[in-house]
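Take a look at the structure set out below.
The values are calculated or read from the model by the stated rules, or taken from the named source; none is laboratory data. Values in this document were obtained by computation on a predicted structure and should not be read as measured data. Methodologically, a virtual Cβ is constructed for each residue, glycine included, from the backbone with ideal geometry; neighbour enumeration extends over all protein chains shown.
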Amino acid sequence: MHVPTVTDEMLEKVLQAAASPVFVEFTEADSTVSARIRRRVEVTAEEFDDRVIFLRLYVDENPGPAAQWRVESRPMLVVFKRGREIGRIGGDVSTETLSDLIEKAITADA
């Protein structure tokens with residue numbers, strides 16, 4: 001599944017308006033690890049596409065949200081629900097770990 005790329009302004013609007021959990025992949029273009037995670041996020045998005053909004057934000061082009069949400073390393077995967085952070089995980093994680101993070105966000109009270 002294609003994960004849409006957003007800008008900082010678009011991300012803020014989605015976080016404020018979304019009724020579903022929002023999964024944001026904070027990434028950078030020139031990283032081997034980020035490239036691997038992008039593929040895993042796309043696979044995971046296929047599994048949850050009817051329950052979660054998936055977005056990709058390139059930090060090198062949009063540094064504001066990374067600073068706002070204290071994203072200090074990339075890739076960093078953050079799940080939001082009703083505009084609040086529910087969970088995050090960074091680095092070279094498996095699709096199973098991504099799925100676990102999303103499942104927790106779906107069932108979490110926010």
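Can you name every residue in the stretch 88-108 that is small (Gly, Ala, Ser) and touching a strand residue (DSSP E or B) at 6+ places or on another chain (Cβ under 6 Å)? Spell out how you get there, then give the answer.
Kept after step one, since they are small (Gly, Ala, Ser), are these residues of the stretch 88-108: 90-91, 94, 99, 105, 108.
Once the filter is applied, which keeps residues that are small (Gly, Ala, Ser) and touching a strand residue (DSSP E or B) at 6+ places or on another chain (Cβ under 6 Å), the stretch 88-108 yields Gly90, Ala105, Ala108.
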Which of the following residues is out of contact with any Gly (no Cβ under 9 Å at 6 or more places or on another chain) and either of a type in the set (A, V, I, L, M) or closer than 18 Å to Ala108 by Cβ (or both): Ala18, Ala66?
Ala66
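Out of all the residues in the stretch 25-41, which are in a helix (DSSP H, G or I) and either buried (at least 22 other Cβ atoms within 10 Å of the Cβ) or in contact with a Lys or Arg (Cβ under 9 Å, 6 or more places away or on another chain) (or both)? If you could, list the steps in order and put the result at the bottom.
Going residue by residue through the stretch 25-41, those that are in a helix (DSSP H, G or I) are 32-41.
Hits for the stretch 25-41 are Val33, Ser34, Ile37, Arg38, Val41.
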Restricting to the stretch 8-36, give me the number of residues that are β-branched (Val, Ile, Thr) and either under 11 Å from the mean Cα position of the chain (by Cα) or at pLDDT 95 or above (or both).
4
For the stretch 9-24, does any single residue satisfy the condition of being of a type in the set (Val, Ile, Thr) and in a helix (DSSP H, G or I)?
yes
Name the strands (runs of 3 or more DSSP E) wholly within the stretch 46-110 that hold at least 1 residues that are of a type in the set (Asp, Glu) and surrounded by 13 or more Cβ atoms within 10 Å (Cβ to Cβ)?
84-90
Is there any pair linking a residue in the stretch 48-76 that is free of Cβ contacts under 8 Å to residues at least 40 places away in the same chain to one that is among the small types (Gly, Ala, Ser), with Cβ under 7 Å and at least six apart or on different chains, and which?
Ile53/Ala18; Ile53/Ser20; Val59/Ala66; Asp60/Ala29; Ser73/Gly90
